[in-house]
Amino acid sequence: MSDVLAQALAGTAYAATLFLIASGLTLIFGVTRVVNFAHGSLYMLGAYLAYTLTAHLPATVPGFFAGVLLAALIVAAIGVAVEVIVLRRIYHAPEMFQLLATFGIVLIVADVTLWIWGPEELLAPRAPGFKGAVMLGATQVPQYTLLLLAVGPLTAFALLWLMRRTFFGLAVRAAAQDGDMAAALGIDRARLFTSVFALGAFLAGLAGALQIPRESVNLQMDLAVIVEAFVVVVVGGLGSIAGAALASLLIGLLHAFGVWWIPKSSLVLAFVVMALVLIVRPQGILGGGRAATAALAPRAVSGNDFRALTATLFVPAERRLTILAIVVLIALVTAPLWTGDYLLAILSETLILAVYAASLQLIMGSGGVTSFGHAAFFGVGAYAAALLARTEFGSSHGNFVLSLAGGPLVAGAVAFAAGWLVLRARGVYAAMLTLALAQILWSLATQWGGVTGGDNGVLGVWPPSLLSGRPAYYLFVLALAVASLWLLRRISLARFGFALRAARDAPARADASGIDTRRVQWLAFSIAGAFAGLAGALHAFYQGSVFPSVLAIAQSLDALVMVLLGGVNALAGPIVGAVAYHGLLVELTRLTNHWRLLLGVAIVLLALAFPQGLAGMLRTRVAWGRA
C-alpha cells in the first residue's frame, strides 16, 4: 500500500509541473489561436536560468525561490520579445505558418542555450529547506514533492480566480469568444495578446525552474515536455484551464503507475489515452468553447476575399517555370557525369525528402488535414522494406523490388486503418491523433527489440549489386521520385483532387453536391501514407539501416517544415521546400557549429516575409514579371 501511495504522490507532483506548462499553452491558444511549439523552449530556458541564478544566490530558502521566480520573470520577458518581434506580425497568417515560425524559434533557443551553457547535463543541488522527507503512514515522501503538490492546486485556483474575477480575465474570455467584437468594445487586442503570452511564458519558465532539484537540466527538455504538454491540452480541451488541470492529473498518474506496473508500455500509455479520449469526445474532456471550435476546423476564407481564395487553388505552372523544371530535370539526369559521390548523396537524400514532403502536402494542401505525425508512415515503410529485405524472401536480388514495394504497401495499409480514426476529428485534434500514432509506433520500434532491433536498429539493408554504386542508386531514386511526384501532381489536378479541395473548403456544399467527403479524405490519407512509405523504403536502402528515429517527432517536423517552407498551396512547394531545407541544413552543419541558430533565423524570416512559401513567392514574382 505504501508503494501505491508513493507512486500516486510522485505522479501528482509530476502532474503539477505538467499543469504549469499546459495551462500557459492553453491560455495562449485560447486567445491568440497560436499553436506555440516554442513553449517547451521556454520551459527549458526556465530550468537553465534557475540553475545559474540559484547557484549565484545565497543557498537559503529565500535565495533559492528568489532565483526560481527571477528565472520565470526573465522567461516571461523573453516570451514578450518573441510575441512582439515575431508572432505579432503573423497573427493573421494561416496557423501552420505560425507553427513554422515557432519551430524556427525552437532551433534558435536550442543553439543559444548550447552556446551559453554547453552540451553537458547540469545537476542542481537539492532545494534548501526541502532536502528531507516526511513520513505519511509507512510511506516516506520527499519534502520537495509535497511542495510541488501544493504549487499545482494553488496555481490552478489563482488562474481560475484571475480568469473569472478580474477585468483581465473578462478581456481574455471575451477575446477567446469573439476577438473582433472584443476589439470593437475597446479591448486592446495587441496588449492583451502580449499579456497572455507573458503569463503563459511565466508559467512555463516557473515549471522549468521548479524542476531543477528533481532532474538534470539538458538540451532535450524542450521537445520532451512539449509533446506531453500538447497531450494534456488536447485531452483536457483546448482553452480550458480546468480541463488542463484534470488532464494533467490523469497523465501524471498514468506516467507514474505505467512506469511501475508496465514499464515497457510507459512511453505509449499517454498517447493511447489521448486517442481513446478523442474518439469518444473529439473536443477533449472539458473542451467545447470557442477555442475548441476553432481547433476543430481550419480558418475560414472570407467570400469577398478573392485573392485569399485563389491563393488556395492549384494552377498549372507558368511557361517559364515549366522550362526551368525541364532544365533542372536534365541536370539531375546527367548529374553522375559532372559531379562526385558527395553531391550525388545529397541529391539522393533531397529527392527522398521531396517525395516524403509531397505525400504530406497532398493531405495538408489539398485535403486540409494537418499531420503532426507523418513520420508514422515514413517509418513504417522503412521498417517494412528493411525487415522484408532481411528475410529469406527478400535476400535475393530478384526480390529486391518486392521488398521495396512492401514499404508503401504496408504504410498505405497502416494509413488506411489510421485514417478511420484520425478523420473522426478535425483541426488540431486530428493533428494530435497523428502524433499519437507516430509516438505509439516509435515506442514499439524502440521496445520491441526482438523484431526491430530496438535502439540497435535493423542493419545490413542494402540494394542489390546492380544498384550498389552511388550513381546507380541515385538514378534509381531519381526515377522513382520523378514518377511519384508526377503521380501526386496528377492526383491533385484530377477530379479527385478537386473533390478533395471541395471537402476541405466547403464540406457541407461538397456533401450536398454528392461528394462523399469522408471517403475522399480517407482515400487521400491512405495514398499519402503509401507515398510516405515509399520514401521511407528508399531511405532504408540508401542508409543501409533503419533506426527508431525514422518514427520520431523530429522526422515529422522535417516534413512539416519542408511543406510550409515550399508553400502548402503550391504543387511545387514540397520540392522547393526539400531543396531549401535540406540544402540549408547540409551547408550550415558543414560550415558552422551554430547551424541551428542560422537555420532557425532563416525559417523565421521566411515565415515572416513569405507566408505563401518559396514556391508561392516564385509563382507570384513570375506573374508580376508577365504583367
Original post:
Among all residue pairs at least 6 apart or on different chains, which show Cβ distances below 8 Å where the first residue, located in region 111-126, is within 16 Å of Q220 (Cβ to Cβ) and the second is of a type in the set (D, E, K, R)?
Top reply: D111/R596; L114/R596
Original post:
Since A508 meets every condition but one in (1) more than 22 Å from L360 (Cβ to Cβ); (2) touching a residue at least 24 places away in the same chain (Cβ under 8 Å), which condition does it not meet?
Top reply: (2)
**OP:** Could you list all residues from region 301-314 that are surrounded by 10 or more Cβ atoms within 10 Å (Cβ to Cβ) and at pLDDT below 50?
**Re:** V301, D305, F306, A308, L309, T310, A311, T312
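Which members of region 516-568 meet the condition of being hydroxyl-bearing (S, T, Y) and either buried (at least 24 other Cβ atoms within 10 Å of the Cβ) or at pLDDT below 95 (or both)?
Going through region 516-568, the residues hydroxyl-bearing (S, T, Y) turn out to be 517, 526, 542, 545, 549, 556.
Correct list: T517, Y542, S545, S549, S556.
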Original post:
Under 8 Å by Cβ, and 6 or more places apart or on different chains, what pairs join a residue from region 460-482 that is touching a residue at least 24 places away in the same chain (Cβ under 8 Å) with one that is crowded, with 16+ Cβ neighbours inside 10 Å and assigned to a loop (DSSP other than H, G, I, E, B)?
Top reply: Y473/P463
**OP:** Would you mind stating whether A418 is surrounded by 15 or more Cβ atoms within 10 Å (Cβ to Cβ), in a helix (DSSP H, G or I), touching a helix residue (DSSP H, G or I) at 6+ places or on another chain (Cβ under 7 Å) and not acidic (D, E)?
**Re:** yes
**OP:** Please specify each residue of region 326-342 satisfying the condition of being more than 16 Å from L485 (Cβ to Cβ) and touching a helix residue (DSSP H, G or I) at 6+ places or on another chain (Cβ under 7 Å).
**Re:** A335, P336, D341
Original post:
In region 499-509, how many are closer than 17 Å to S359 by Cα and surrounded by fewer than 18 Cβ atoms within 10 Å (Cβ to Cβ)?
Top reply: 0
Original post:
Does any residue of region 187-199 turn out to be basic (K, R), in contact (Cβ under 8 Å) with a residue 12 or more places away in the chain and part of a helix (DSSP H, G or I)?
Top reply: yes
Original post:
Is it true that I116 is assigned to a helix (DSSP H, G or I) and modelled with pLDDT of 90 or more?
Top reply: yes
**OP:** Among the residues of region 315-367, write down those that are crowded, with 17+ Cβ neighbours inside 10 Å and in contact with a Ser or Thr (Cβ under 9 Å, 6 or more places away or on another chain).
**Re:** L347, A354, V355, A358, S359, L360, Q361, L362, I363, M364, G365, S366
**OP:** Taking P153 as the residue in question, decide whether it is under 30 Å from E120 (Cα atoms) and either assigned by TED's automatic domain parsing to the domain that holds V109 or in contact (Cβ under 8 Å) with a residue 40 or more places away in the chain (or both).
**Re:** no
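The values are calculated or read from the model by the stated rules, or taken from the named source; none is laboratory data. Note that the coordinates shown come from a computational prediction; the quantities given were computed from them, not determined experimentally. FYI the Cβ positions are ideal-geometry reconstructions off the backbone, even for glycines, and counts take in every protein chain you see.
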